[in-house]
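What follows is a single structure, written as structure tokens, with notes after it.
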Amino acid sequence: MAISEKAIRADLKEAMLAKDELRVRALRGLLAAIKNRAIEARGAELSEQDLVAIVKREIKQARETLEFARQGGRHETVAELEATLAVLESYLPAQLDEESLRREIEAIVEATGATTIGPVMKELAAKHAGRYDGKTASRIAAEVVGSGRR
């Protein structure tokens, strides 16, 4: 799914008409983050990669807040944050699962003959930016490069 500010605004309007307060709140927060990033970019057009990065940052913040809410026993807040996470995650492109990620990394190592993680991660980022979890990819790359599988 291609992400755009226009699509998010349309979804906000739809959520407002449906009186879905949790979705409205999540989308308003996302649009505010997008607006702040646009201001930082001094009016430059934000790319889809920029928007994906903003969504990921908002998801990370929501997850951190969710963890604190769970530790504090705030069950109502936990439910709201889980709903917010579901809304935000719907704007991310389809993520590579661990098996697909492993195949991609093995193919990159095979093609490039890489013996360290750096070139593998760089190539992976060029091919699949925003479509994988960095920690998982780094772990798999270390396993593949370390095992000498080529």
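What follows draws every value from the coordinates through simple rules; no lab data is involved. None of the values given here were measured: they were computed from a predicted structure. FYI the Cβ positions are ideal-geometry reconstructions off the backbone, even for glycines, and counts take in every protein chain you see.
Table for the structure above
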| item | result |
| --- | --- |
| Value of relative contact order over the stretch 98-147, rounded to a whole percent, pairs C-alpha under 8 Å and six or more apart | 51 percent |
| Contour excess over end-to-end distance, with Cα ends at Arg37 and Arg9 and 0.36 nm allotted per residue | 8.5 nm |
| Ordering of 7-19, 99-111 by burial proxy (mean other Cβ atoms within 10 Å per residue, highest first) | 99-111, 7-19 |
| Centroid-to-centroid separation of the stretch 81-117 and the stretch 1-40 [C-alpha atoms, Å] | 25 Å |
| Helix-only [θ]222 nm of the chain, DSSP H runs n ≥ 4, -39500 (n - 2.57) each, per residue, nearest 500 | -25000 deg cm²/dmol |
| Residues of type lysines that Lys127 reaches as a straight line, Cα spacing below 19 Å, ignoring anything fewer than 8 places off in the same chain | Lys56, Lys135 |
| Principal-axis tilt of helix 5-17 within the chain, Cα atoms, nearest 10 degrees | 40 degrees |
| The stretch 5-89 shape via C-alpha gyration tensor axes, a/c threshold 1.5 | oblate |
| Gain in span if fully extended, Ala107 to Glu67, counting 0.36 nm per residue against the direct Cα distance | 10.8 nm |
| Evaluated over the chain, the Cα radius of gyration and Dmax, each in Å | 18.5, 56 |
| Ratio Rg/Rh [Cα only; Rh per Kirkwood] for the stretch 98-147 | 0.90 |
| Relative contact order computed over the chain (Cα-Cα under 8 Å; 6+ residues apart), in percent | 23 percent |
